[in-house]
1. Please enumerate the residues belonging to the stretch A:561-584 that are part of a helix (DSSP H, G or I) and crowded, with 18+ Cβ neighbours inside 10 Å.
2. Any residue at all in the stretch A:352-366 that is touching a strand residue (DSSP E or B) at 6+ places or on another chain (Cβ under 8 Å) and under 28 Å from residue A:474 (Cα atoms)?
3. Given the criteria outside any helix (DSSP H, G or I) and within 12 Å of another protein chain (Cβ to nearest Cβ), does residue B:46 qualify?
4. So, in the stretch B:145-165, of the ones that are assigned to a helix (DSSP H, G or I) and touching a residue at least 60 places away in the same chain (Cβ under 8 Å), which residue ends up surrounded by the fewest Cβ atoms within 10 Å (Cβ to Cβ)?
5. Kindly indicate the residue of the stretch A:314-365 that is more than 10 Å from ligand 1 (Cβ to nearest atom) and not in a helix (DSSP H, G or I) and also nearest to the other protein chains (Cβ to nearest Cβ) among those meeting that condition.
6. If I go through the stretch A:427-450 residue by residue, how many of them are without any contact (Cβ under 8 Å) to a residue 60 or more places away in the chain and crowded, with 24+ Cβ neighbours inside 10 Å?
Ligand code: HEM
Ligand SMILES: [Cu+2]
């Protein structure tokens, strides 16, 4: 019995027991459903073993939406708890766990997965490639992410969640002040998912450098591909820092080392520094692809080419370099002294310049354009004002002397939500709606989509603008309650209503997927939005080989020019197409990673050893494997093309 | 598969070319990883928390053996790649084996060295300095050890399959990895050991 006690949740409440039951029942229902409909074979052959970038993208998308739900429920619970002074819905311990898991889930498992989903699906199509550089590693990336996410979510019902914030600052996160295993979950689940992200980074850099269609020079790449390239470079250089920090944190917790402790020479500030050396680039890892999506969407729906392409590219490159030079602004108050603070204050404010350039370029693209206010365009137009407010308050926070007032108040919380939500979430919803027809062969309903947009946009403003005031009045972040006299009540109540608006928007999106899947027409052609770049030049939905013939390009908007200037994209004849084989190895290896992680969390060394051997065996087998892929014959390609498009090239 | 015979075998197919570029990018990530570890070491170096310090621990003899062994192994793997370009299978495999044996020697000395440190009273748990030192050296050592297993796998493939675009590619990439570890060691040699002994 003692053995099982370690898996118990430290402060169980009815919610947790209910979730356990709910999770158990859902799991049984899913497994039974798959068995009943005899879908195990299908699931294994078509999804668990797939190496197709489009399917991997779709799996990332589904996971991201699930995580958005999980993180959203956390958010609603927090807002409900703080909606009234002295509320007792949640205890302080629960509240700590919830704001921690909310932040982690949203950043690592929702936002990262969402951008990876869209990069996976879109980048190879935009550059006219048949897949990514390393399809097998791409599957490995996904399964590492997935297992990391599952491990982290498991903490809710087995052993208890981490509770020292998504930033997990030491010494709070150390053994002394967080004796419970929750923080182990944080360290190890992020390590596993982070490894997947790093592999994605390398994979996409090589894909974009080496696999572009003939004629697509770097300065002819679509902007989304540009931002994907820069984001993946940021990933490759920033994530190793997180890897090291997490490894050290893990060692402090499991092996009693003294990296971040208060005694034996340990240095807690080292964690804060490492965390933000990774963490600030991370916010740009998230937001740059979003900028890319806005560039595509705004130019498509303004019927114009993007204004200031070169300055757009230059500004993302500048942003990516500055991103590594500002991390101290996250702890101006922690004693670096005036000189260091001043330097980082200046670098921080400098970021606003390239960002401003981009905003003006988008505005000039719309200027005198024939604007179509579709759902993706609505998100893009809504993004500009809200994001600007978030950015300007960022500059306020960047003034080191003033930050002593704002730091760790609700003002900060308002700032980063007002950049991340319009910056990342709006962009992902815009991108999802925009590329949805390419993914699934039908369009999402515009009317429901617009309702969802308005709920989300108004919800965002209502949820976060009041926090500026509450913050300036002195409400600290991460406090589970406050007294009546403090006078924060009204602002928090408004925030709660905003949160409900966001939830309503999310429900409408889910409903829209259901409604459109059921009723939308499948007869939409290859280019339902009248778009400009290569991904619209293939069939809808995209066949597994992407392009029957490799496109040849000589401009920035090859598909637009093909439509309007009669250029030909596809010059060759159809020939045999080489494709990679599916493989179960990435999935199996990641199951071992999951067991490995679970073993480490609870210091169950036998599990750790067994799963390490499993991982090593997988690597060894992979090394000896000879797999040159397979070919799709030209006749079969012709047949597919004829069925899908009517003409044969 | 298109094999371009004008290029060296390890570069001869598109996949090969991509694997090499990808490995360079991976080395970029590894540089970031080691840079962070070095950063941590420099910051925590003086924080010995009452335990032994760098000046007390480092001895010149093991350091010299390690350095000599690892640098030589980097030279022999270079020769192995050269032999591969000349198409001499036996020489390639022989030199590759010598490389791994030297690598094994390095790991052996490192383990002995760690053992000595523990005797001097420096555990992983002693201080921030000890944790940073063992982590930096250990990460490098773990990379070398991983290389030993990986190298054996490649040698077996060379023996069984001879020079093919795939085996040549793996051998070449292994040599990049090995040279990289050598470069890291030179940094460790200068900025950990020499600096610590001064
Ligand atoms: C003009 C650009 C920006 C400036 C000048 C800026 C400035 C700042 C500053 C100074 C802080 C720390 C404040 C404090 O702790 O007191 C901060 C926090 C934060 N910013 Fe920004 N920011 C900018 C853009 C962004 C963007 C684009 C994102 C994300 C997409 C972002 C995400 C965050 C997050 C997540 C935090 C808080 C992290 C935490 O403590 O939990 N910021 N920002
Ligand atoms: Cu920042």
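The values are calculated or read from the model by the stated rules, or taken from the named source; none is laboratory data. The model shown is predicted, which means the values in this text are computed figures rather than measured ones. A quick note on method: Cβ atoms are made from the backbone with ideal geometry, for glycine too, and the neighbour counts reach across all protein chains shown.
1. The one that is part of a helix (DSSP H, G or I) and crowded, with 18+ Cβ neighbours inside 10 Å: A:562.
2. No, that holds for no residue.
3. Spelling it out, residue B:46 is indeed outside any helix (DSSP H, G or I) and within 12 Å of another protein chain (Cβ to nearest Cβ).
4. Restricting to residues being assigned to a helix (DSSP H, G or I) and touching a residue at least 60 places away in the same chain (Cβ under 8 Å), the top hit is B:159.
5. A:336
6. Residues that pass the stated criteria total 1.
For every residue, the table says whether it meets (1) within 21 Å of the chain's Cα centre (by Cα); (2) surrounded by 15 or more Cβ atoms within 10 Å (Cβ to Cβ); (3) within 16 Å of ligand 2 (Cβ to nearest atom); (4) within 14 Å of another protein chain (Cβ to nearest Cβ).
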site: A:373; (1), (2), (3), (4): no, no, no, no
site: A:402; (1), (2), (3), (4): no, no, yes, no
site: A:406; (1), (2), (3), (4): no, yes, yes, no
site: A:422; (1), (2), (3), (4): yes, yes, no, no
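A quick yes/no check of all residues on (1) within 14 Å of chain B (Cβ to nearest Cβ); (2) over 21 Å from the mean Cα position of the chain (by Cα); (3) more than 14 Å from ligand 2 (Cβ to nearest atom):
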position	(1), (2), (3)
A:264	yes, yes, yes
A:275	yes, no, no
A:283	no, no, no
A:309	no, yes, yes
